[in-house]
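Comments concern the structure below.
Rule-based calculations on the coordinates, nothing more; no lab input. What you see is a predicted model; the values in this text were computed from it and never measured. As a convention, Cβ positions derive from the backbone with ideal geometry for all residues, glycine included, and neighbour counts pool all protein chains shown.
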Ligand SMILES: C[S@@+](CC[C@H](N)C(=O)[O-])C[C@H]1O[C@@H](n2cnc3c(N)ncnc32)[C@H](O)[C@@H]1O
């Protein structure tokens, strides 16, 4: 975060949204695109993965269930508590970090084979998108992959701040080879036509 980051995007604001109950972004289950990925013939081999802006941890826990060594990061205490409870209830090893994702470097440089993105990119101030790209590139080992569900809606304002496949390509291509960037076909009804799944390999 920067000194100019709007207060509505602060950790305090996100924590208040969690404490207000039923956060509207929370699916209550993993993103369908991740289910498709991990159940496909092209599923990535398990490795060390970091889930950014992990929220209550549905995606993080899902990857842990599939054998990934997951580190889940969020700066909202209620989100961290919920994801820890979910992992403990299933007796899954999962490391949680309550901190700002933009403070992960240099401490976690090149520590991960995968980064998991689902509605974190759309939750940060859009001016921080280039910094987010550099962050993900810095967290991954060379050849590591970003596994992402991007919210490609066209509504003004946010969060969630929408993006486009063209913007994703333009921002990530300097650091990543785009292996896949396709519309999601099995989104939940309220996100139909508004998601792209990306699999991007760090150069
Ligand atoms: C829209 S929610 C998505 C949560 C989760 N990925 C999901 O799909 O349910 C965005 C999450 O990112 C977290 N977040 C936003 N900016 C962050 C930052 N700079 N550092 C750490 N967490 C952040 C918020 O606390 C919130 O849990």
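Before moving on, here are some points about what is shown:
- Per-bin percent of Cα-Cα distances, the stretch 123-164 [5 Å]: 6, 20, 25, 24, 13, 9, 3, 0
- Each of the peptides 33-46, 163-176 was scored by the mean count of other Cβ atoms within 10 Å over its residues; in descending order, highest first, they stand as 163-176, 33-46.
- Cα-projected label distance for residue 85 with residue 7, points at 7 Å along beta-carbon direction, nm: 2.9 nm
- The label point for residue 165 and the one for residue 186, both projected 7 Å from the Cα toward the Cβ, are 1.9 nm apart.
- Computed over the chain, Kirkwood Rh from alpha-carbon pairs, angstrom: 16.8 Å
- Beta bridge orientation in the stretch 27-202: antiparallel %, DSSP, nearest 5: 40 percent
- When the alpha-carbon atoms of the stretch 49-107 are used, the pair Rg, Dmax equals 10.5, 32 angstrom.
- For the stretch 80-191, the fraction of alpha-carbon pairs in successive 5 Å shells from zero, as %: 2, 10, 18, 22, 19, 17, 10, 2, 0
- Each peptide in 24-31, 48-55 gets a packing score, the mean of other Cβ atoms within 10 Å over its residues, and the list from highest to lowest is 48-55, 24-31.
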